[in-house]
Structures are given as C-alpha cells and as structure tokens.
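Each reported figure results from applying straightforward, stated rules to the coordinates on display, with no laboratory input. Bear in mind that the values here come from a model prediction, so they are computed numbers and not experimental data. Glycine also receives a Cβ, built like all others from the backbone with ideal geometry; neighbour counts cover every protein chain displayed.
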C-alpha cells in the first residue's frame, strides 16, 4: 500500500502542462499562423503578376501580328509609336484603358542581327514591344521582321499563283 501511495504522490505534480510549456506552444502557434496568413497575401500578388505577364505577352504578340500583316517599309514607320490604351490587331475593342504598348523598330543587317543599318538598305528590322500596366513595365518582347519582297515563291514577289503554273 505504501508503494502505491508513493507513486500517487510523485504523479500529483505531473498531471498537466507547465506554464512555460503552454507559453512556448502558444508562441509556436502564433508564428505558424502569422506565416500562413502572410503566404496568402503573397499568393495573391504572385497570381496578379502572372495574369499581368500573360496579358502583356498577348498584347506584345498583337503588335507582332500587326507588323506581320504590314508592308516592311510601313513596319519601319512604327518606330516610336505608343498605343494607349493598348491596341489589338483584330480591331476588337477591349477594356485596356490601363494598358499601353510602346514600339521601337531598328533596321538591322541581314547578316548580323546586332548590327544597325540605315532604313533604306534594311531587309530586316528588330521590333521591340514594351508593355505597361498602369504605367509600370510588365514585359519587353523582341521580334525580327524580314522583308520578303523579291524572294521567289512568296506572296511578296507576286510569284505564287493559284493555278500551279
């Protein structure tokens, strides 16, 4: 019997958590909860940035499509053009009032795309499109436009007829 009462006496002080253990546990829970809440805020920023890049890429490709549908000499005239609100090649108007596209066209050598040449002798142009949302840069895309006038078997030289002759 004495043995049983001795073990009960030793266990009486060990039935619950100490105040220090409770405080440490509460601090760890608070840190974890704070990190969880902060991650939700960061997630929405990353999602918005991804949406902006997707729309910005689309708007840059719209300018590229316009350039592909334009005569080479007219593409060179696009240098310095800014569309604000942003422009679509389809002519369909969207609510893009917060978006803009800035175009720069640089005539380059056909043998060295890094070498700038005079517009009169150019057969290649570097088309750079900068896209902005609310005045902030979203992305910059660069494309190369080639003058196919005089190249055999292209529509630019009038050589491809539908009769097969």
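List of remarks:
- Mean sequence separation of contacting Cα pairs (under 8 Å, at least six apart), scaled by the length of segment 17-157, corresponds to a relative contact order of 19 percent.
- Spin-label model distance (nm) - residue 97 vs residue 109, 7 Å beyond Cα toward Cβ: 4.9
- Reported to the nearest whole Å, the Cα centre-to-centre distance from segment 82-116 to segment 55-70 is 7.
- Residue 51 paired with residue 120, simple spin-label distance in nm, labels 7 Å along Cα-to-beta-carbon: 5.1
- Fewest-first ordering of 134, 66 by other beta carbons within 10 Å of each residue's beta carbon gives 134, 66.
- Of 39, 100, the sequence from fewest to most neighbouring Cβ atoms within 10 angstrom is 39, 100.
- Fewest neighbouring Cβ atoms within 10 Å first, the residues 115, 130 line up as 115, 130.
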